[in-house]
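Quick notes on the structure that follows.
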Amino acid sequence: MSISLHCECCKKKITAPDNAGGKWGKCPYCSHKCYIPLPASEDEEVKLAPIDENEETQYKQMMRETYHVTETLLQQVDEPPEPGQEANIDEKTLTVRIIKYLAMMARSSFDEAQAAENKIFPYRKQAKRILENMLREGKPEPELADIPEKLLAGFIRNMLAKMG
């Protein structure tokens, strides 16, 4: 059996032997260098199984639920103390607030970011330490990994500048 192809240059039909498949050869009409494809394989094509719509729907529902649970957990934080009291908060909670603030800034949700910033400012000393560590380490938290590095560093520096 032979391989049939058309010259890319002169468009004439060329016939090549099976053992020439996968190699380069010259067109007998115009001497153009042509690639000779491999002969058609006699192996049967692998058919893909159809997508189970129920499974896809369940997966999407579980992802929505996971997102809502995560958002709910992130919002369960202690409120700042009364004015005049020493402001102190769990470092993990404050880190979560800072991460949410930076993510909101990246999404251009400025009103939400301002509200988050207001919850961070009573804890300036701790927040500055966390932000400086984020800058020094250079590798962002997993929640912020999709934000370009320079943009994230700019948001962090801007927040540090606001804190004085």
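Filter the stretch 96-144 for residues that are closer than 18 Å to G154 by Cα and either of a type in the set (V, I, T) or not in a helix (DSSP H, G or I) (or both) and give the result.
Within the stretch 96-144, I98, I99, R107, S108, S109, I120, I130, G138, K139, P140, E141 meet the criteria.
Among the numbered criteria (1) at pLDDT 90 or above; (2) within 31 Å of the chain's Cα centre (by Cα); (3) surrounded by 10 or more Cβ atoms within 10 Å (Cβ to Cβ), which one does N54 miss?
(3)
Within the set of pairs 6+ apart or on separate chains, which have a first residue in the stretch 2-30 that is within 14 Å of A40 (Cβ to Cβ), a second that is of a type outside the set (G, A, S) and in a helix (DSSP H, G or I), and C-beta atoms under 7 Å apart?
The qualifying pairs are S2/D18; I3/D18.
Report yes if E8 is exposed (fewer than 11 other Cβ atoms within 10 Å of the Cβ), more than 30 Å from R124 (Cβ to Cβ), modelled with pLDDT of 85 or more and of a type outside the set (G, A, S), otherwise no.
So E8 fails the test.
Can M134 be described as at pLDDT 90 or above and among the hydrophobic types (A, V, I, L, M, F, W, C)?
No, not satisfied.
What are the residues in the stretch 145-156 that are farther than 15 Å from S108 by Cβ, part of a helix (DSSP H, G or I) and of a type outside the set (D, E), if any?
Narrowing the stretch 145-156 to residues farther than 15 Å from S108 by Cβ: 145, 149-150, 153, 156.
If we keep only those that are part of a helix (DSSP H, G or I) as well, we get 149-150, 153, 156.
Matches in the stretch 145-156: K150, A153, I156.
Among the candidates E82, E71, E86, E42, single out the residue that is within 25 Å of I147 (Cβ to Cβ), of a type in the set (D, E), at pLDDT below 90 and not in a strand (DSSP E or B).
Answer to the check: E71.
The values are calculated or read from the model by the stated rules, or taken from the named source; none is laboratory data. This structure is a prediction, so every number in the text was calculated from the model and none was measured. We place every Cβ from the backbone using ideal geometry, glycine too, and count neighbours over all the protein chains shown.
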